[in-house]
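Let me begin by presenting the structure, written as structure tokens, before commenting on it.
The values are calculated or read from the model by the stated rules, or taken from the named source; none is laboratory data. As the structure is a computational prediction, the values presented were derived from the model and not from experiment. As a convention, Cβ positions derive from the backbone with ideal geometry for all residues, glycine included, and neighbour counts pool all protein chains shown. In case anyone asks, the SASA skips ligands and DNA or RNA and just uses the protein heavy atoms, side chains included. Shrake-Rupley method; radii C 1.70, N 1.55, O 1.52, S 1.80 Å.
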Amino acid sequence: MRKLILAAASIAAMTFAGPALADSPIIIKFSHVVASDTPKGKAADKFKELAEKYTNGKVKVEVYPNSTLYKDKEELEALQLGAVQMLAPSNSKFGPIGIKEFEVFDLPYILPDLKALRKVTDGPLGAQLLKKLDSKGMTGLAYWDNGFKQMSANKKLVAPADYKGLKFRIQSSKVLEAQFRSLGAIPQVMAFSDVYQALQTGVVDGQENTWSNIYTQKMHEVQKYATETNHGYIGYVVIVNKKFWDGLPADIRDELSKAMKEATEFGNSQSAKENDEALEAIKKAGKTEIISLTPEQNAAMRKAMMPVYKEVASRVGQPLIDEFLKETGQPPIN
Ligand code: LMR
């Protein structure tokens, strides 16, 4: 795969640098792993529409959804090599390339609501985190929402004890690994595009994701139960290849920044609605029983997962965790 990415990267470099192509549009390949009909998919399409409009066609954005170009791990490699210019991986996917700090977003129950999230992403902490990307040849442009995660399996998941011994697919985050271990479950890192089949064939027993991702990947067709836990959050960092971005004419970069700002506002204003609608669609499909937890059951889940904070403090950074809680108006967790 690496060879293929390298070949694509050199073609991209030739295309971008070619003097004979001065009048042809600048191409931005934007690869992502979810369906078009999701918060991220819609924000990416909105960015394309606005970027092409504001640059009067001087920029052409090619959006490749649903892992059609690259899967999770490959897409980050492809961006660093310049085979694609733009991505929006979830916060949980930066650990393997050496940026562990975004895993703070993976901590269980770290966000009481989306308003608290904005305090981080629109504030100094959000900016400070984006800066970390520079050293990896990436520029962070925006934070895009998906929403809160739910649990699903072929077994009813109500109490922490129900998770014991079950295999759960996770994204490539050590915090998520610790989270499932805190429940006595067995976490297994897997690319998003492989989840449906893994659930269908029983390679894993369950998974966690937002309603929108569960519905658009048809996971509800192969999971008998889903529990409304809202125990964690999935959001994205929009990144662009730094060399590509810095090499753009300043006026083009300004127009693209404007398009990104508006696409972000658009996407983030729709995400909660998208997830609500996906939940309704799952209910309507009638293949999955949706379980709601009582406040006591919620509290028991929360209590079971709290040791994760201590466990990952040295990886994610205790000062960062403390700052995150402070910014979102929450007391320290010990
Ligand atoms: C996942 O891998 O479950 C998600 O990060 C996919 C996505 O991009 O929403």
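One line per residue, one yes/no per condition, for (1) charged (D, E, K, R); (2) closer than 25 Å to Glu311 by Cα; (3) in contact with a helix residue (DSSP H, G or I) (Cβ under 6 Å, 6 or more places away or on another chain):
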site: Pro96; (1), (2), (3): no, yes, no
site: Ile99; (1), (2), (3): no, yes, no
site: Phe102; (1), (2), (3): no, yes, yes
site: Pro108; (1), (2), (3): no, yes, yes
site: Leu114; (1), (2), (3): no, no, no
site: Leu117; (1), (2), (3): no, yes, no
site: Asp122; (1), (2), (3): yes, no, no
site: Ala127; (1), (2), (3): no, no, no
site: Leu133; (1), (2), (3): no, yes, no
- prompt: From the set of residues in segment 218-232 that are part of a strand (DSSP E or B) and open to solvent by less than 10 Å² (accessible area, probe 1.4 Å), which is nearest to the ligand (Cβ to nearest atom)?
  reply: Ala226
task: Kindly establish whether Ser24 is outside any helix (DSSP H, G or I), open to solvent by 50 Å² or more (accessible area, probe 1.4 Å) and modelled with pLDDT under 95.
output: yes
- line: When segment 64-92 is checked residue by residue, the ones that are buried (at least 18 other Cβ atoms within 10 Å of the Cβ), part of a loop (DSSP other than H, G, I, E, B) and over 16 Å from the mean Cα position of the chain (by Cα) are Leu69, Gly82, Ala83, Val84, Gln85
task: Those residues that are buried (at least 24 other Cβ atoms within 10 Å of the Cβ) and more than 12 Å from the ligand (Cβ to nearest atom), I need them from segment 31-50; list them, please.
output: Phe47
- request: Assess whether Ile290 counts as being hydrophobic (A, V, I, L, M, F, W, C), in the same structural domain as Thr227 (by TED's automatic domain parsing) and either open to solvent by 20 Å² or more (accessible area, probe 1.4 Å) or under 30 Å from Leu141 (Cβ atoms) (or both).
  value: yes
field: Residue list for segment 195-214, restricted to those being near the ligand (Cβ under 10 Å from one of its atoms) and either touching a Gly at 6+ places or on another chain (Cβ under 8 Å) or not hydrophobic (A, V, I, L, M, F, W, C) (or both)
entry: Gln207, Glu208, Asn209, Thr210, Ser212, Asn213
